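The values are calculated or read from the model by the stated rules, or taken from the named source; none is laboratory data. Bear in mind the structure is a predicted one, so any value in this text is a computation, not a measurement. Neighbour counts run over all protein chains shown; Cβ positions are idealised from the backbone, glycine included. Protein only, heavy atoms only, side chains kept; ligands, DNA and RNA dropped before computing areas. Shrake-Rupley method; radii C 1.70, N 1.55, O 1.52, S 1.80 Å.
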Amino acid sequence: TLYRFTYAPMVEALLTRLGQAFQTSDGENGAAALRNAMILSASSEGFSILNILRRFPGDEVRVSLPALLQFAVALTVQTDYQEAVLGAIAQFPDANPVAPDLLAALPDFSQPGGYEVETLSVVVPVRAVRATEVGFVSAYDFDVDLYLPQGRAAAPVVLMTHGFGATRDNYAYFAEHLASHGFTVVAPEHIGSNLAYRQEFLEGNLEDLLSPMEYVSRSLDLIYTLDYLEAQAEAGTDWAMQLDLERVGVFGNSLGGTTALSVAGAAIDEDRLQQECLTDNNSLDLAVILQCPAKHLPPVDYDLTDPRIDVAIAAYPLTSILFGPEGMGNIQIPTLMFSGSNDVIAPAVQEQIHPFVWMTTGDRYLAIIERGTHFSTSDERYIENFPNFLKAPDTAVGQRYLEALSVAFLRRYLEEDIAAQPYLTAAYAGSISDERMPLRLTGALTAAQMEAAYGGPPPVPVVPASEESRIAENYPSVLEAIASTGTLTVGIRADAAPFGYLDGDGVWTGYCFELVAALGDRLTDDLNLENPIQVVRLPSTLENRYDLVQSGTVQLECGPNTIRQDVPEVTFSYPFFYTGTQFLMLEDTATSVGTAGGLSATTIGVLANTTNAQFVQSQYPQSNIVVFEGATGRSDAVQALKQGTITTFASDSALLLGELLRLNLPREDYALFPGDPLTCDAYGLVLPVGDRQWQQTVNTFLRSPENSDLQRVWFADVLPDAIASLDHCLSVADPF
């Protein structure tokens, strides 16, 4: 088990950072030595620090003082500075003090409410790409538990998202408590990061402990769940008719807290991830290491905000580099965060206290449980075998805090009950505080207050330097232009089957052709237009695809466009397809070439102005490269391959297979080489920069059932290769 665990990419990153401090006798990074020592220790005398030292290779361990000093700074953040921050919170009284007699008269929301609770389980079917316990799939189901308050006709809904390696019933006690107070709790199972997934990884059946795509897929699980609930209510399903889907909140714990903040408005900060997750970073902050897999996401502007969600509660979320100040500042709904001062998985200062300061929404609250850990509010049954340093002094105390404050928060902001406001005060928190785990609550905290309490500049900046925005301001709104003109103008390739191409009869067709038609229908409805939107399709090429968007000639371009960051004045949608560079060759040629190295002395065809051409020129400089250009370049290259003029043709695997299908060439006569792609490419729609509303509209449509149906029709022959490419790419470092 330890062997498999230590080869997970995120754990390798932790070992590499440890290895910078604890080196081999010749001064090399000690990561490999530490891994071997850990495995040998676990397989013989027992897993302990002393036995790891005994098993460390060589006669000595070289210790880097500069690396240790960096660790010491991190320790200071966890001790002296954190104590000063807690003191700062205690110093500032409530803006609107609550009289002691009023506090004493408040009902105890930690006690069960007056509703009986019925539980129900449903299955949500989804047709989209997702990591699961069997690897990446193109369609999946996930289970959802509902906790229904009996006798309440229109119960507000609270989505509950579990943590990493957990299950949807880990916080069942809390779900039942909220339901007893009149809230319907809806708890989906995140099948790409639950207990079953973790077990499959430890048994050696999966490549990584946490796929980068999970930072997107978990949020989409919540969105798909809400879509399902709305569909059931519209269909007249009895239990769904009890739900008030106009009042929706979300609660999440640990990684689920991160998910909750994501759908509440916090956008992934790709630039910050790339900066903070450098390989020479000596930080041992486990939360940072857990967030760093997200840096391998294709580089697009991920905004998973769901406007249907009205309030958010996040317990022990990981936020610091995934969202950063910019991402946390996007949250515009009432938010309550819980934090534990002794949390070693998501340290309070970096992951909740500083991010709380970054938030700009006026209705925000931070509850800090002193001496609390990452599991202060967990069900004791699920953590009984955990090491003591991960456990809280008394989880019953933490559970009582979570129940009381959450019910009050939901009543105040989801039900708009102003009578619940006194609960959300420092005075109330003090009145229920237990000396074993004191509770502090604040609704306002500034960087200046924290620095004053510490007595000088903190060991780490409260607000880190902002990343330079690369998004231009004040661009005209695409949706406004579409609404006023009744026209959607798009660019589509005519030489890239199955995305956009001319069929054997010369008819322009393809996935993109039908995608924009369906998008036009959706926009007609969304914009409440009397007449259907007219979709104007303009042919695009490799040479002009970005120019069309940059000049405003088209409002989007659809084709096999690799998501990249070096094209000015454009941005990209969410990825809708995954592929990579492979070589197409005749079946008998593939057998004779044998290895990718055998291509160095061959004639390789490429298309002009493509990333494939750049890759081949850099990796095979000794080969004879033949460049094909123009609208017929791809067809010409395949014909040249068939005739033996070139040995192989390098392109994205999806386009190679699509061209074989378009030309009606027998697939069995050709081979893709090697089995896994040599590059990793995610395709996105090309959009004008600076219009987040248009980008979000397009991204929402890409997640729709209409698009899933289109993808199944048009990508039926290439989708298995796309799923395999994604699975491979997310198992390697820096894939995109």
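Annotations for the structure displayed:
- Rounded to whole Å, the principal axis extents of the Cα atoms in the range 637-736 read 50, 33, 24, largest first.
- Rg then Dmax, both in Å and based on the Cα atoms of the range 488-624: 18.8, 63.
- Exposure ranking of E416, E60 by accessible area [1.4 Å probe, largest first]: E416, E60
- Accessible surface of W239, taken over heavy atoms with a 1.4 Å probe and every protein chain present, rounds to 40 Å².
- Within the accessible area of the range 490-587 (1.4 Å probe), percent carbon and sulfur: 47 percent
- Using alpha-carbon coordinates, inclination of helix 214-235 to the longest axis of the chain, degrees: 80 degrees
- With every protein chain in place and a 1.4 angstrom probe, the accessible-area ranking of D271, D526, largest first, reads D526, D271.
- Charged-residue dipole, Cβ positions (Lys, Arg, Asp, Glu), the chain about Cα centre, Debye nearest 20: 960 debye
- Distance between the range 390-432 and the range 111-128 - C-alpha centres, whole angstrom: 23 Å
- Correct choice for percent of Cα pairs over 43 Å apart that was computed from the model, options (1) 52; (2) 38; (3) 32: (3)
- For the chain: accessible area per residue (Å², 1.4 Å): 40 Å²
- Enclosed volume per residue, in Å³, of the convex hull spanned by Cα atoms of the range 19-146: 328 Å³
- Q350 sits among other residues whose Cβ lies under 12 Å from its own Cβ, and their net charge, with Lys and Arg +1 and Asp and Glu -1, is -4.
- When the inverse distances between all different Cα atoms of the range 140-217 are averaged and flipped, the Kirkwood radius reads 13.7 angstrom.
- Rg ratio for the range 67-219: its Cα radius of gyration over 2.2 N^0.38 Å, N being its residue count, equals 1.46.
- Heavy-atom accessible surface of the range 155-261: percent carbon and sulfur, 1.4 Å: 44 percent
- Antiparallel DSSP beta bridges within the range 546-679, percent to nearest 5: 55 percent
- Distance from the C-alpha centroid of the range 289-366 to that of the range 516-559: 34 Å, rounded to the whole angstrom.
- Theoretical gain in end-to-end length, A452 to E380 [0.36 nm per residue, Cα-Cα removed]: 22.1 nm
- Using a Förster distance of 30 Å, the FRET efficiency for D141-R667 (Cβ separation, nearest 0.05): 0.45
- For the chain: relative contact order, % (alpha-carbon pairs under 8 angstrom, 6 or more apart): 11 percent
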